[in-house]
Each structure stands twice: as C-alpha cells, then as structure tokens.
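*Asks:* What follows is a structure written as structure tokens; I'll ask about it next.
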C-alpha cells in the first residue's frame, strides 16, 4: 500500500488531470488502496433523514471553506488543508465558523 504522501499526491493528480486512461487507472488504484485499508463507501443520507425525524440529537461539525477556481483555490491548497487537520477538531465553536 502507498504510504508516501508525495506518491499519493501524484496519484490523485493523475486521477484528476491525467489522460482518460491515467484517470481510470489512478481512480482504480485509489479505490483498491482504500479497500485494502478498510475504507468502505458510505453515505450520510440516512443520518440526515434520522435528524429530520428527530431521532438524532443536534450536533455541529467543523467546516472548512474551499473556494472553487477562479478565486484562487488549487488542488494543492486542498491537499494542504487536509493534511493540516490531523487531530480531532472541537465540535463547538462560534456559529458559521469556517477556515479559509
């Protein structure tokens, strides 16, 4: 399994910016790496439905503002933001808190 972040970054770049064949192969590699690591596809749709029915208490989650181009966001910045968040983030804070 790939553990070197530089190699992972290169694989992600190919999955996004590569030729059609490179994209397909890189996306397959990322999927397989996730499967080996125990990552399974999931959705929070049922959580939203349960929250709407009042079956789940209110909670907050941290948010990270990611601007889309052309306002200056790049994949590199997104990767850096993801790496910066290595420890659990408190779930309480000022309303509408966002990081840019």
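No value in this document is a laboratory result; all are computed from the given coordinates. Everything numeric in this text was worked out from a predicted model, so none of it was measured. Virtual Cβ from ideal backbone geometry, glycine too; neighbours counted across all protein chains shown.
*Asks:* Arrange the following residues from fewest to most other Cβ atoms within 10 Å of their Cβ: 45, 25. List each step's numbers first, then the result.
*Replies:* Numbers: 45 8, 25 15.
With the fewest neighbours first, 45, 25 line up as 45, 25.
*Asks:* Quick check on the exposure proxy: order 59, 17 from fewest to most C-beta atoms within 10 angstrom.
*Replies:* Details: 59 8, 17 11.
Ranking 59, 17 by Cβ neighbours within 10 Å, fewest first, gives 59, 17.
*Asks:* Next question. For a quick check: sort 21, 9 by the number of other beta carbons within 10 angstrom, fewest at the front. Walk me through the numbers before you get to the answer.
*Replies:* Details: 21 9, 9 14.
The most exposed by this proxy come first: 21, 9.
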